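The values are calculated or read from the model by the stated rules, or taken from the named source; none is laboratory data. A quick note: this is a predicted structure, and the numbers were derived from the prediction, not measured. Here the Cβ positions follow ideal geometry from the backbone for every residue, glycine too, while neighbour counts run over all protein chains shown.
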Amino acid sequence: MRVWLGRLVLAANVGALALVVWVLLRAQGPLGRSISEHKANARVSQMLRQEWERLASAPRVDSCAGQVRLVEFSDYSCPFCRQQHAILKRLSPCAGVAYRHYPSPAHSRAEGAALAAICADRQGRFLAMHTRLFESDTWQSTGDWASEAAAAGIPRIPEFLACLRSPGAQARLAEDREYGRRLGVAGTPTFLHRGGRVSGLLDDSALRRSAQVK
């Protein structure tokens, strides 16, 4: 009788342990989530090592020619991105940050603004338009891209307006979105460096630490 009871208790303990392990390791469990996050971060790190030069070839938020150390995924309508722009602007005239577009579908003018920046870049005026979009609010209510182009000093406005509707500009925006999706960008601003991903608004010290990762 005692042997039978001992075996029953042992079986119950093994069953309970198996249940605990299953709960912990299943995709929704704490260990399962941790393992999934670790694998996702490893995939991002590998992709960054393999594709950094191409990823960092986007337009810069400064006028310097030094090495790109950070790539920002951002949205011109995002209030946190606007705060981030102000921080980057005061950080250094050579921040070493390249810019990728990740407009949210929840922001009605964000995609138009991204296309405006892309088309401004075609005429060598990315930085002027980038600054205008972050530091002016008029476009968010009017969507008057011709006026914004004039304010940003774009020389050939009819060409700029045609670019906004062009497949090439749409393809350029789609490339940024696809990069963001593959790199696990879930919101803006998000920064990528050679070692990984940092999400959310970064202050001066956090930006400097991220920029130093090699």
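With the requirement that a residue be in contact with a helix residue (DSSP H, G or I) (Cβ under 9 Å, 6 or more places away or on another chain), touching a residue at least 12 places away in the same chain (Cβ under 8 Å) and on the phi < 0 side of the Ramachandran plot, what does the range 138-155 give you? Result: W139, Q140, W145, A146, E148, A149, A151, A152, I154. All of E53, E72 fail the test of being loosely packed, with under 13 Cβ neighbours inside 10 Å and modelled with pLDDT of 90 or more, apart from E53. The residues in the range 135-162 that are surrounded by fewer than 20 Cβ atoms within 10 Å (Cβ to Cβ) and outside any loop (DSSP other than H, G, I, E, B) can be counted, and the count is 14.
In the range 78-97, the condition of being in a helix (DSSP H, G or I), at pLDDT below 95 and not hydrophobic (A, V, I, L, M, F, W, C) is met by at least one residue. Of all residues in the range 178-192, those that are under 13 Å from L48 (Cβ atoms) have Cβ atoms under 7 Å from Cβ atoms of residues that are small (G, A, S), 6 or more apart or on another chain, in G184/A40; T190/S199; F191/S210.
Entry remark, the range 188-214: residues being surrounded by 14 or more Cβ atoms within 10 Å (Cβ to Cβ) and either part of a loop (DSSP other than H, G, I, E, B) or not charged (D, E, K, R) (or both) number 17 in total.
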